[in-house]
Amino acid sequence: MADKAATVYQHGTLSLLVPGLFTGTETIGTLLQHGDYGIGTLEHLDGELIIVDGEAYQASQDGLIHHLPASQTVPFATVHFDQPRSTVTVHDMHQMDVERYLLNHYPYKNVFFAVKLTGEFSHMKTRVVPKQSQPYPPLTAASKVQPIFEQNNTHGTVIGYFAPPLFSGVAVAGYHLHYLNDQHDFGGHILEYALTSGELSIQPFAALHQHFPLDNEDFLKQNFDYGSLDASINQAEH
């Protein structure tokens, strides 16, 4: 059995969001038993979930950040206990530079790994998926119009994951990153950033603990269109 630091825990999969399964099926309280850093979304696809230092926050479509109670539910989230394998100081890098650096300097392209980047950003651009109402639309329709937010000279934390292409559908293949500033008044799903200086950490995982919403009838009965999953996820997430 892999130890906690070597295990990434995920409730639900990215694929279950594609047909519009946005009902919350696990609480924040339960999620935090499996990690103190992470990302995801909320019930009704209501914004972006960011977990930092064991506290859960929602970036909502109105641009506000809300601290979440343990009773809040999620349809999909990924968490881990923060114990980086390596941390380096980096300067003057754009998002693509950071992502290439990690893959070029560490031998982890075929495993899940967590990314944490804490520092000063000259520019940060995020988006937030808007809350949906039942009957839920598919993910591509729900994400077609998303509020975009930008902040200059912001200090905070980028947190997220890299998943190898083999696991596309379980997660977003490649990088999936969220941001929360230190004041907890700006954040969301990252579209792009420019880093001034910061501490960049990587944490590879030997084990994926995949948890399914076994008591959710809609999930159990769903007939997934596997042929279009990758295209739908890429359209919604990138």
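Only the coordinates and a few stated rules stand behind these numbers; no lab work does. This is a predicted model, so every value here is computed, not measured. All Cβ positions, even for glycine, are placed from backbone atoms using ideal geometry, and neighbour counts span all protein chains on display.
Need one number for the range 76-190: average projected area of the convex hull over its C-alpha atoms, nm².
8.4 nm²
Debye sum, Cα scatterers, the range 1-126, no solvent: what log₁₀ I/I(0) at q = 0.15 1/Å? Debye output, listed in q order: -0.82. Computing Rg and the Kirkwood Rh from the Cα coordinates of the range 123-238 gives a ratio, Rg/Rh, of 1.00.
List residues of the range 14-30, by number, whose backbone nitrogen lies under 20 Å from a label position 7 Å along Cα→C-beta of Asn223. Output list for this probe position: 15-22.
Based on Cα atoms of the chain, Rg over Rh with Rh as the Kirkwood radius reads 0.94. All Cα-Cα separations within the range 55-96 were binned at 5 Å from zero, giving a P(r) of 5, 11, 16, 17, 15, 19, 12, 3, 0, each value a whole percent of the pairs.
Using only Cα atoms and rounding to the nearest 10 degrees, what angle (0 to 90) does helix 95-105 make with the longest principal axis of the chain? Computed tilt is about 80 degrees. Which whole-Hz couplings ³J(HN,Hα) result when phi for each residue of the range 3-12 is put into the Karplus expression 6.51 cos²θ - 1.76 cosθ + 1.60, θ = phi - 60°, listed in order with x for Gly and Pro? For the range 3-12, the Karplus curve yields 6, 4, 5, 9, 10, 9, 10, 9, 9, x Hz. The modelled label-to-label distance for the pair Asn104/Ala206, using points 7 Å beyond Cα in the direction of Cβ, is 3.0 nm.
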